[in-house]
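**Q** Okay, here's the structure, questions in a sec.
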Amino acid sequence: MPHSFQVRTGQAGDADRLAVLAAQVWLHTYATDGISNEIAQYVLSELTAEKFSEYLNEPQATILVAERAHYLAGFAVLKFGATCPSGAGATVELQTLYVQAHFVGHGIGWALLQAAERKAQEQSSSPLWLTVNSKNARALAFYARQGYTKVGITYFVLGDGRHENHVLVGGGAH
Ligand SMILES: CC(C)(COP(=O)(O)OP(=O)(O)OC[C@H]1O[C@@H](n2cnc3c(N)ncnc32)[C@H](O)[C@@H]1OP(=O)(O)O)[C@@H](O)C(=O)NCCC(=O)NCCS
C-alpha cells in the first residue's frame, strides 16, 4: 500500500475518526446536488461516534482501518451472520468500504477488501456480499475488477427517495 498505510482491526479509540471519515466520504460520494434536510438528518443520526462505538463493541461486526501515524484514510465494516438477500449463499456483508477522496486510486480500497475477504473466509468460510448504488460507477467498476458479480437489486430509502442498489457477491477464497 502507498504512503506506508497499514490495515488493522478497529479499536474503541477509533470511533471519533471513523465517524468523521464516514461523513466526509458519504457526503462526497452521494451529496452531489448539495445538502438536503434528509441528507443532513442521515449524517447527523447515522454517521456518529456513538454508532461506530456500537459497531466496535458488536461481536457480529468487525471494522478494519487503514492507518498511518494515527491518521485514518479508509475503513471497512463487516457484518457476520448477515445472509445475502439475493440468495447467493454468502453470510458476511461488507457493509461499508470507504477511502478518503485524497487517497482514492492508490490501493487502499484494494488492501482493505483483501483483508475483509480473508477475515470472512477465516471466520465464516464465506465470500462477501454487498450493496452498491447503481449510479456509483467507480465502485461498480472497482468491484467488477475484483471479481464481484451482480446477483440482485435492492433499494436504499432516504426520506421520499428510493435509490437503486446492486447486490454483489465476491468470488470466495483468496
Ligand atoms: C470504491 C473505493 C472503495 C475503491 O478504493 P480505492 O482505494 O480507490 O481503490 P484501489 O486504489 O485500491 O484500487 C484501484 C486499483 O489498484 C489495484 N491495486 C492496488 N494495490 C494493489 C496491489 N498491491 N496489488 C494488486 N493490485 C492492486 C486494484 O486492484 C485496482 O485495480 P484497477 O486499476 O484495475 O481498478 C473508493 O474509491 C471509495 O471509497 N469510493 C467512495 C466511497 C464508495 O463509493 N465506496 C463503495 C460504496 S459500496
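Read the figures in this text as sums done on the coordinates, not as results from a lab. No experiment lies behind these values; they were computed from the predicted model shown. Don't worry about glycine lacking a Cβ; one is built from the backbone with ideal geometry, like all the others, and counts go over all protein chains shown.
**Q** Can you give the helix-only mean residue ellipticity at 222 nm for the chain, where every DSSP H stretch with n ≥ 4 adds -39500 (n - 2.57) and the sum goes over all residues, rounded to the nearest 500 deg cm²/dmol? Present the calculation step by step, with values, prior to reporting the outcome.
**A** Values: 5 runs with 61 residues, N = 174.
Only helices count here, giving -11000 deg cm²/dmol.
**Q** Based only on other Cβ atoms within 10 Å, what is the fewest-to-most ordering of His102, His28?
**A** Taking fewest neighbouring Cβ atoms as first place, the list is His102, His28.
**Q** Averaged over all directions, how much area does the convex hull of the C-alpha atoms of region 53-107 cover when projected, in nm²?
**A** Values: hull surface 20.4 nm².
Over every viewing direction, the Cα hull of region 53-107 projects on average to 5.1 nm².
**Q** Could you order the peptides 137-143, 122-128, 44-50 from most to least packed, using the average number of other C-beta atoms within 10 Å per residue?
**A** Values: 137-143: 15.6, 122-128: 17.9, 44-50: 13.4.
The peptides rank, most packed first, as 122-128, 137-143, 44-50.
**Q** To one decimal place, what Kirkwood hydrodynamic radius in Å is obtained for region 19-174 from all pairs of distinct Cα atoms?
**A** 16.1
**Q** What whole number of Å gives the distance from the Cα centroid of region 112-158 to the Cα centroid of region 60-76?
**A** 18
**Q** While we're here: Once both labels are modelled 7 Å past Cα along the beta-carbon direction, what's the Glu38-Ile153 spacing in nm?
**A** For the pair Glu38/Ile153, the computed spacing is 1.8 nm.
**Q** Can you tell me the dipole magnitude for region 1-144 around its Cα centre, using point charges on the Cβ only (Lys, Arg +1; Asp, Glu -1), in Debye to the nearest 20? Don't jump to the answer; show the numbers that get you there.
**A** Values: 9 positive and 12 negative charges, 83 e Å.
Magnitude of the dipole: close to 400 debye.
**Q** P(r) tail for region 1-105, what percent of Cα pairs lie past 21 Å?
**A** Percent of Cα pairs beyond 21 Å in region 1-105: 40.
**Q** With each pseudo-label sitting 7 Å past Cα toward Cβ, what's the Glu46-Glu164 distance in nm, one decimal?
**A** Placing both labels 7 Å beyond Cα along the Cβ direction yields 2.0 nm.
**Q** Can you sort Arg162, Arg8 from fewest to most other Cβ atoms within 10 Å of each residue's own Cβ? Provide the component values of the computation, followed by the final result.
**A** Working: Arg162 9, Arg8 12.
Fewest-to-most ranking of Arg162, Arg8: Arg162, Arg8.
**Q** Taking other Cβ within 10 Å of each residue's Cβ, how do Val132, Val20, Val157 sort, fewest first?
**A** Working: Val132 20, Val20 15, Val157 9.
Fewest to most other Cβ atoms nearby, the residues stand as Val157, Val20, Val132.
**Q** With bins 5 Å wide starting at 0, give me the P(r) of region 1-49 over every alpha carbon pair, in whole percents.
**A** The percentages, shortest bin first, are 4, 18, 22, 20, 16, 9, 9, 1.
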